[in-house]
Amino acid sequence: MKQNNIRQFILDALEQASVPSIRDHEGRAAFLDGKGDVNFDALELDSLARMELCIYIEVNTGIELTPDQLDKIKSLEGLARALAAYT
Amino acid sequence: MGKINGFAQLYPAREALVDERYSISFGELPPLIHKYEQYLCELGISPNCTVGLSISEQLPHVLVCLALLKLRAHQVTLDTRESPQYITTICDRLDVSRIIRLADGFNSVAAGLRDFDVTIREGATVEPFLQHDRDPLIFAMTSGTTQGPRIVPYTEHILARQAMRYDGFNFDRVLALPSIQHDTPKRLRLMSLFRGETSLFYRGNTSTWRDIAQFVAEKNVDFLRITILNAITLSKQPGHRLAPTTSIDIGSTHISIGLRKLIQKNLSETLYVHYGSTESGRIAMTTPDEHDERECVGQPLKGVTVEIVDGHGVPIPAGQIGEIRVRGEGMVSGYHDDLEESARRFRDGWYYPGDLGSITVDGKLIVSGRKDDMMILNGFNIYPAEIERAFERHPEVVAAAAFPIRSRSHGEIPAVAVELKQGSKITEQALMRYSRERLGIRCPRKVIIVDRMPRNALGKVSTKKIAAMAKGNLAIP
């Protein structure tokens, strides 16, 4: 699986999880190109958004990532690496 | 048989059984049943043995069924389309000792001995296995577990009581499109006879509405029973709407307001939608003017009491969703060879169909879905029917079936399979947005567009097959 597909998947997941801040985030394009990263703190995910993000990942990939596990991941690039490790 | 004999005395010329070739009046029926009974005796079938009917032709199936009742033998339909393994399992569970088939088609109502072929099953006992019940039993299959279907034993008396629930609905000539090899339409045909109605059989193509409409008009059918599968196919064929004096009856599964409107537009404006189960018979039925967005199944029928209860069995107020329970005359009291499930479903004189629903302030029943199907996503109760109704109101959606994706972390994640109208280009993402706006936290987290909804022979959607399809669809591209 290509890394940029995983990055696009993460951006889609955040949109589905109702994280509007990702849409216009200045780091979005750089993350997609693999040239930058975005910290979860900057996206201000509430608990519902975290749950939705985990659900999106699970129903679309079969990867079970719990909100607790997600809490330990600090950035989108970290999430991309975690997903790549599962696949 | 007393009911039929009574109608034979009162209305000997009234047609009882009619198909394209034959017409048997109520006056002719008792001697014909007696003749068939004699054939069966000569073929070695005796009272109390259990007989499998492997007859796909409708008219001889009914005649043999009635003859077995008269002979006081128990019976079960062995659907000729089922696998040999399934048939063997059913025969073993019921200790079937004889299987009746037609030897060479059905060539005459006045059939002779040589028209039947009876197979003797080795090892079966020719004894009453339900010693306490002297009435001959008809066994019906209903959805079960991995161990096979649940088997529901009912008697002629139970059917006669169920038939009384239709008092007030005056139909004379009843046609059921589904095969007599299905237990529900078989019961409907027997009940028609017990009510003195004419039961008609259609042997033509059940996919062509023009031909069916022609048969209905020629034979003066005034009550046409169809399945959802029939309805989906036939309601797309405009131009032959029936006269308002002919009613259409549909049920056994959720019938959306969209489909109801399509049936009323293209098939018949006089539409009845019912709710019931094999165990209880028909529970509720709408009148033709009760179809609205609430998608109710009407008021309980005569002699049936319906309650909505909470998890402790306490009735809850109108409008609140809870578990449906029913009681009344004409219900079975348990399953064959399944004490555990019998104890779960039949409690304190009530039958629990396993459905969730509510009763409106004006007394109409709304079925929300199967209790077992209710999904709990991180503590939120989500009802499949709620999702399905939201999607089926989308102008480009024909049918929707919600199902859970089971998750160790979240419980049951709701998902939905959607069948679109022909030519629709709407995407799964657009449908996701649509549902999120309407359902919020209860929206499905996955939408799958399917070419055709997988359904069983009676049109019920197979959510197991859909869930399997969803499982095979997991990957980042």
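We did not get these values from a lab; they are worked out from the coordinates using the rules stated. It should be emphasised that the depicted structure is a prediction, and the values quoted were computed from it without experimental measurement. When we count neighbours, we look across all protein chains shown, and the Cβ atoms used for this are built from the backbone with ideal geometry, even at glycine.
Restricting the calculation to alpha carbons of chain B gives Rg and Dmax of 23.0, 73 angstrom.
Spatial offset of segment B:1-63 relative to segment B:262-334 amounts to 32 Å, using the alpha carbon center of each. Cross-link partners of A:LYS2 among lysines, defined as those whose alpha carbon lies under 20 angstrom from its own and excluding same-chain residues fewer than eight positions apart: A:LYS35. For segment B:374-470, a simple Cβ point-charge model (Lys and Arg +1, Asp and Glu -1, everything else neutral) yields a dipole of about 160 debye relative to the Cα centre. Simple rule: put +1 on each Lys or Arg Cβ and -1 on each Asp or Glu Cβ in the protein assembly as shown, find the dipole, and look at B:ASN230, A:ILE63, B:GLN85; the Cα lying farthest toward the positive end is B:ASN230.
Between the helical axis of B:183-194 and the longest alpha-carbon principal axis of chain B there is an angle of about 50 degrees. Relative to the longest principal axis of the Cα atoms of chain B, the long axis of helix B:257-266 lies at roughly 60 degrees. Think of the protein assembly as shown as a dipole: +1 on every Lys or Arg Cβ, -1 on every Asp or Glu Cβ, centred on the Cα centre; then among B:ASN205, B:GLY357, B:LEU159, B:ASN205 lies furthest on the positive end. Kindly express, to the nearest 10 degrees and within the range 0 to 90, the angle between helix B:29-42's C-alpha long axis and the longest C-alpha principal axis of chain B. Tilt of helix B:29-42: around 80 degrees.
Return the FRET efficiency for the residue pair B:ASP372, A:THR87: r is the Cβ-Cβ distance, R0 is 25 Å, and the value is rounded to the nearest 0.05.
Values: r = 33 Å, r/R0 = 1.33.
Plugging the Cβ-Cβ distance into 1/(1 + (r/R0)^6) gives 0.15.
Positive-end ranking of B:GLY322, B:GLN299, B:TYR335 along the dipole of segment B:292-341, with charges on Cβ about the Cα centre, is headed by B:GLN299.
With the convex hull of its Cα atoms as the shape, the protein assembly as shown has an orientation-averaged projected area of 28.9 nm².
For each pair in B:LYS261/B:LYS421; B:LYS70/B:LYS219; B:LYS265/B:LYS364; B:LYS371/B:LYS460, compute the distance between the two Cα atoms and list the pairs where it is over 18 Å. Write down the numbers at each step before the final one.
On the way: B:LYS261/B:LYS421 15 Å; B:LYS70/B:LYS219 29 Å; B:LYS265/B:LYS364 24 Å; B:LYS371/B:LYS460 16 Å.
In this structure, B:LYS70/B:LYS219; B:LYS265/B:LYS364 lie more than 18 Å apart at Cα.
Shielding by partners for peptide A:52-61, expressed as the average number of C-beta atoms from other protein chains within 10 Å of each residue's C-beta, is 5. With contacts taken as Cα pairs under 8 Å at a separation of at least 6 residues, chain B carries a relative contact order of 9 percent.
Within 14 Å, Cβ to Cβ, of B:GLY349, how many net charges do the neighbouring residues add up to if Lys/Arg are +1 and Asp/Glu are -1? If you can, show how the numbers build up before the last one.
Numbers: positive: B:ARG325, B:ARG327, B:ARG345, B:ARG347; negative: B:GLU279, B:GLU307, B:GLU329, B:ASP348.
Value of the local net charge: 0.
In this label model, B:ARG241 and B:GLU329 are separated by 3.9 nm, measuring between points 7 Å along each Cα→Cβ vector. Each of A:ASP71 and B:LEU43 was given a label point 7 Å from its Cα along the Cα-to-Cβ line. The distance between the two points is 7.1 nm.
The C-alpha radius of gyration of segment B:374-470, expressed as a fraction of 2.2 N^0.38 Å, stands at 1.02.
Please report the relative contact order for segment B:2-136, taking Cα pairs under 8 Å with a sequence separation of at least 6, and give it as a percent rounded to a whole number.
Relative contact order comes out at 23 percent.
Restriction of the GluC sites (Glu not before Pro) in chain A to DSSP coil positions whose beta-carbon has at most 10 other beta-carbons within 10 angstrom yields A:GLU26, A:GLU44.
I want to verify the translational diffusion coefficient of segment B:164-282 in µm²/s; compute it with Stokes-Einstein, Rh as the Kirkwood radius over Cα pairs, at 20 °C and 1.002 mPa s.
Details: Rh = 14.3 Å.
So the translational diffusion coefficient is about 149 µm²/s.
With R₀ fixed at 30 Å, the C-beta to C-beta distance from B:ARG114 to B:LEU10 puts the FRET efficiency at about 0.30. Note: relative contact order over segment B:374-470, using C-alpha pairs below 8 Å and six or more positions apart, is 26 percent.
Partner chain Cβ atoms within 10 Å, averaged over the residues of B:436-446 - can you pull that number for me? Each step should come with its number before you reach the end.
On the way: counts 2, 0, 0, 0, 0, 3, 0, 0, 1, 8, 5.
That average works out to 2.
A simple spin-label model places pseudo-atoms 7 Å from Cα toward Cβ; at B:ARG408 and A:ASP46 they are separated by 3.0 nm.
Evaluated with a Cβ-only charge set (Lys, Arg +1; Asp, Glu -1), chain B carries a dipole of roughly 1160 debye about its Cα centre, given to the nearest 20. Dividing the Cα radius of gyration of segment B:162-371 by its Kirkwood radius returns 0.98 for Rg/Rh. Rg ratio for segment B:2-136: its Cα radius of gyration over 2.2 N^0.38 Å, N being its residue count, equals 1.07. Ordering B:328-336, B:115-123 by mean Cβ neighbour count within 10 Å, with the highest value first, yields B:328-336, B:115-123. Taken about its Cα centre, the protein assembly as shown carries a charge dipole of roughly 680 debye when the Cβ of each Lys and Arg holds +1 and the Cβ of each Asp and Glu holds -1. Values of log10 I(q)/I(0) for segment B:401-444 across q = 0.26 Å⁻¹ run -1.00, by the Debye formula with one identical scatterer at each alpha carbon and no solvent.
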